[in-house]
Amino acid sequence: MMTRLLRSATVAAALTVAFGTVGAGAQDQIVLRSADTHPDGYPTVEAVKYMGELLADWTSGRITVEVYPNRQLGEERDTIEQVMIGALEMNRVNMAPLNNIVPETVVPGLPYIFTSVDQMRRVMDGEIGLEIMRAMEAQGIVGLAYYDAGARSFYNTVRPITSAEDLEGLRIRVMNSDMFVATMEALGANATPMEFGQVYDALRTGVIDGAENNFPSYETTRHFEVAGFYTLDEHSLTPEILMISKQVWDGINEDDQILIRKAAALSVPYMRELWDAQEAASREAVIAAGAEIVDDIDKQPFIDAMAPVYEQFVTTPELQDLVERIRAVK
Ligand code: GTR
């Protein structure tokens, strides 16, 4: 796939060239394609569009972002690979599909590592969030912003989950992350890693019994129609990340990099406002549609069951340090 980096507007025959083959001058036209698994209207999609509007406005259309929602460019694993090799400029994904590639990305997704959404925001917006982004660069990924993904909780087609024991033996879909597999196994469930786009059919046909996600994803995918038991155990606050390909980034001049970073940063509060509203609206919508929500669950047994996950994935002094510093943030 070709990246479009067009030289100044005076070049009548618009050059379509692979990124990096022409020098980046102050007047470079930059088109950043950005993938998202979610549909139009979803807070992540709208936030990246907003970022693009800011950039287009500031540069009179010289730098633009084209968002491709709805998995048009592939499932998250594929689009991450495209970014790593420089075949796609930008991508908005959850941190989990990066877990097997960059060990530091595991940490913010560890079960119950955060005590609140506010704490998660403070950590990801601060030095720890930056450190995790820097760790991605060796894999060809430059982090631009963290977005919210609320809390992930279990839902299934079989029974209301009122205790950790109720998960025993259920086949639960997880994202492509060994850490998420281990989390399910620690709870006695059978983990089935699967791409997001396959989950609805897998639930409907009984290939899996359940999955785990936040209210907006549970609603917009219509998983609630086939898996109506949702339990607010809130085991993970793993955030979303907006990334740009390092190969692309290195071909962009510093002034433009600053603009791109600034627009990405401004898209964060915009996203969070949309997110908070969407979370409340999705919760109401699934309840109105008949989903049964268990919201008075005792989380302590779930928390206690997670020790093996920490043992298996927090394996170096560096990762241990990240965990401790996150816990120290109030
Ligand atoms: C959503 C997240 C997506 C995707 C999905 C999944 O909450 O926004 O990026 O990771 O979960 O479960 O695959």
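At-a-glance table
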| item | result |
| --- | --- |
| Segment 265-318 - convex hull of the alpha-carbon atoms, volume per residue in Å³ | 153 |
| Apportionment of accessible area to carbon and sulfur, segment 206-330, percent (1.4 Å) | 52 |
| For segment 63-139 versus segment 280-318, the gap between their alpha-carbon centres in whole angstrom | 20 |
| The chain: relative contact order in percent, alpha carbon pairs under 8 Å with at least 6 residues between | 23 |
| Space enclosed by the convex hull of the alpha-carbon atoms of segment 26-108, per residue, Å³ | 112 |
| Straight-distance crosslink candidates among lysines, where the alpha carbon sits under 24 Å from Lys49 and sequence neighbours closer than 8 are dropped | Lys246, Lys262 |
| Mean Cα-pair separation over length for segment 108-248, i.e. relative contact order, pairs under 8 Å, 6 or more apart, % | 41 |
| Rg/Rh ratio calculated on Cα atoms of segment 56-100 (Kirkwood radius) | 1.06 |
| Whichever lysines have a C-alpha closer than 20 Å to that of Lys330, once near sequence neighbours (fewer than 8 apart) are set aside | Lys299 |
| Square roots of five times the Cα gyration tensor eigenvalues for the chain, Å | 36, 21, 17 |
| Computed [θ] at 222 nm, deg cm²/dmol, the chain (DSSP H ≥ 4; -39,500 (n - 2.57); rounded to nearest 500) | -12000 deg cm²/dmol |
| Percent accessible area from carbon and sulfur atoms, segment 85-165, protein chains only, probe 1.4 Å | 52 |
| Relative contact order (percent, whole number), segment 44-90, Cα cutoff 8 Å, 6+ residue spacing | 25 |
| Gyration tensor verdict on segment 221-318 (Cα atoms; rounded if a/c is under 1.5, prolate if a/b is larger than b/c, oblate otherwise) | oblate |
| Cα-based shape type of segment 59-203, given that a ≥ b ≥ c are square roots of the gyration tensor eigenvalues and the cut on a/c is 1.5 | prolate |
| Average accessible area per residue (Å²) across the chain - probe 1.4 Å, nucleic acids and ligands excluded | 41 |
| Stokes-Einstein D in µm²/s, Kirkwood radius over Cα pairs - segment 161-207 at 10 °C with 1.306 mPa s viscosity | 145 |
| Antiparallel content of DSSP bridges confined to the chain, in %, to 5 | 55 |
| Estimated FRET transfer efficiency (Thr64, Gln312; beta-carbon r; R0 45 Å; 0.05) | 0.55 |
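The values are calculated or read from the model by the stated rules, or taken from the named source; none is laboratory data. In this text the structure is predicted, and so the values were computed from the model without any measurement. Glycine gets a Cβ as well: all are built from the backbone with ideal geometry, and neighbour counts include every protein chain shown. Heavy atoms of the whole protein, side chains included, go into the accessibility calculation; ligands, DNA and RNA do not. Shrake-Rupley method; radii C 1.70, N 1.55, O 1.52, S 1.80 Å.
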